[in-house]
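These notes are about the structure you will find just below.
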Amino acid sequence: MSARIHGFRPFMTRIPVDHWLLALRTVLAVWLALYLSLRLDLYQPAWALLAVMIVTLQPVMFTGGTPPIGIIIGRSIARLFGTLFGAIVGLVLIALFGQQPMLYLLFAGAWLAFCLYWVMLEQDEHLGYVMMLSGYTATLVSLTAIGTGVDDIWSVAQGRFSETALGIGCGLLMHVVIAPRFGSRALPTALSGFLSKAATEALASLEMPRPRTTRDAELKSLLQAYQQFEKLRGLTRLETRRLSHFIPALDRFASDSLALITAVRELETALDYLRACDDGEIWLNRLREQAIPLLKAIENEPDGQPSERLLLADFEWDEAAVPARSRARAELVRQRLGEVMGLLQHGRRLRHALNDPASSRIKSLPRERRSRSTHNEHFVARYNAFRVFIGFELLGQFWIHSGWHSGYLAMMLLGVFTMLFAKAPNPAAVVYQFMWGTIAAVLLGGVLLFLIMPMISGFWLLAIAIGIPVAIGTLMTPHPRWSLIGLAGAITLMTLLNLHSTYNFAPTSYINGGLASILGTIVTMIVYSLLRQRSAGERLQTLMASYWRGLSRLMRERSLPNRARLESRLYDRLGRLVTLGGSDRALREAVDLHAMALCVWRIRRLRDSLGDHRAGIEAWLADIGTRLVARERHDPDNWRRLADEGILWVERLYDETRLPIASIGEMAMLSHLMRSAPGIELESGGQANDAETNATKGAPRHAG
């Protein structure tokens, strides 16, 4: 016995204090919601408890601990509006098709599919959550009315909304009162870390050339620092009014941060080719003298007092004595280094202003949010909507034709689970874990309803009986291995409990409901298993094909897109490519692809300065765009030929003294980027082909 006790104590001590506080908040919120629901004689008190559990525990699955209060507030508001809209749609569905089950199935499934389609495309997390709740709340309300009596639909809809609102309020109150976590307080530190990391990367590039593997690893580290800043930035709007006037500037710098990452990558490439010139170090030393002091200051004190913006001085050289190749490459490095320093100085001004919100410098920060243009994966959204619709219709046919009264519970869980896990990489595996949580909840619910609750008298004994499984489920949720089981148990248990009839002995009804819950989970898993989502490799190929089409249009169309919108769309796709590609090499290729698109944009923006060569260069770019789209697989030989053509153009332009050196430098940069054969790793699904490896081993031509 003592051995068991001693074995239990280490397990208890391994649970962090944060998890115990999370359990305390959840249990107290559940008790408050239970008390108010019973006191106000609401329709189904378990729904209020369910709202507490989902609002509290679902974010825990992704944070591994107590989520910041901003996430709780955002989810709570979104859940409130989503439940309201869903309850209204549920009323409409019953009013129109309550007596026509086949039409009900058709339109309820269509609404579920429509909401899921929106969820898959919507980039705003909170708006997507509203649509998610609208989708499955409509089915919950309408199916509950069908299962318990259509005449009671108004009470069901009203009860669903009022009890959900009550549960949301109780959960939010406990998170605010008991040791709240404010994630936005770490925002200044995250911004400092990103700026310091970017300055360090620029300094390392200026000091000496580095192996590609080292560059790729540092680039990935820089992207991770940006992602931390971006995650905390999203909490600012919800957590504090102190930084509310910084929101437009933070939104603007979120886009500028991605531009900074690409500029650092382009700077490394430009430095490589400047160092290949015999006199490259001479011009590089002049840039170092101007840039290194500021870069070191930002590296060591990213939140320090910002100085006047430092602009790199133009080179003073004798064009007759300095080769055109050296001038073009040095000017290209100056431009890219200037872009990096300008973005770093902008970030430093913002970081310093965060320390002093009353500073007059805040007036110089942007006041308007930058417009965003995203790349939507419509094929992924359509496919998910299709499989949800098919699963809902097939299970509905079985429910209607079998005459199984409790089958509506299976339909409810099918709607909930398909909406919750549509964005998961492998939703079938997620639902499989949920199935075990559902089975455990059915067994535990039976014990509660038929063995424990009949012996309960009084509110506090009921609260303790419910609080113990709630605490256990809450302590399980922060652990990845058990989180799905804990959340599934909470959802299923609160779905099956009827706290208004705790003393009614109705095992047949409960068993039917439990079997329906398990069946709904199994059907969801089967739907995901049979109708599999496209693999990461297939999604990469589709994204790459879309990128080539966009680049082709950029090369061929007469009008140029707005740079901010182009960058926004490119960087949105960058995140998807990096997520699906996974490797450091894939990240490097994704950044190269976006740098190449921006380089094409710059060349076309400077087209008026190309003089007599404008028509020829634009025709060459248009021909590249045609060839990129025509080739399904972009092999290194094709890229090498394109790079050679670009170098020939550059060599030809060197003799044109009337052309601005910046135009020649951009042409050279495009040639260098094309020689690295961007997209090979991504298009091959992570397996680079041998030809590309051999190409990169060969000595590159430095004529450009």
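The values are calculated or read from the model by the stated rules, or taken from the named source; none is laboratory data. Because the structure is predicted, anything quoted here is derived from the model rather than measured. Positions of Cβ are backbone-derived with ideal geometry, glycine not excepted, and every protein chain shown enters the neighbour counts.
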Of those in region 292-313 that are in contact with a helix residue (DSSP H, G or I) (Cβ under 6 Å, 6 or more places away or on another chain) and part of a helix (DSSP H, G or I), the residue surrounded by the most Cβ atoms within 10 Å (Cβ to Cβ) is Ile298
For residues that are farther than 20 Å from Tyr35 by Cβ and free of Cβ contacts under 8 Å to residues at least 60 places away in the same chain, tally how many sit in region 447-463. 4
Can you name every residue in region 328-375 that is at pLDDT below 80 and acidic (Asp, Glu)? Asp356, Glu368
May I ask you to list pairs of residues, at least six apart or on different chains, whose Cβ atoms are under 6 Å apart, with the first in region 516-539 being assigned by TED's automatic domain parsing to the domain that holds Met435 and the second being in a helix (DSSP H, G or I) and surrounded by fewer than 15 Cβ atoms within 10 Å (Cβ to Cβ)? none
Out of all the residues in region 297-311, is one or more under 24 Å from Leu673 (Cβ atoms) and of a type outside the set (S, T, N, Q)? no
Which residues, counting only those in region 180-234, are under 21 Å from the mean Cα position of the chain (by Cα) and part of a loop (DSSP other than H, G, I, E, B)? Phe182
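If a residue must be within 21 Å of Leu267 (Cα to Cα) and surrounded by 15 or more Cβ atoms within 10 Å (Cβ to Cβ), how many such residues does region 590-638 contain?
Here the count works out to 16.
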Residues that are at pLDDT 75 or above and closer than 21 Å to Phe107 by Cα: which helices (runs of 4 or more DSSP H) entirely in region 376-453 hold 3 or more of them? 378-402, 407-420
Of the candidates Trp154, Trp118, the one satisfying the condition of being assigned to a helix (DSSP H, G or I) and over 27 Å from Thr56 (Cβ atoms) is Trp154
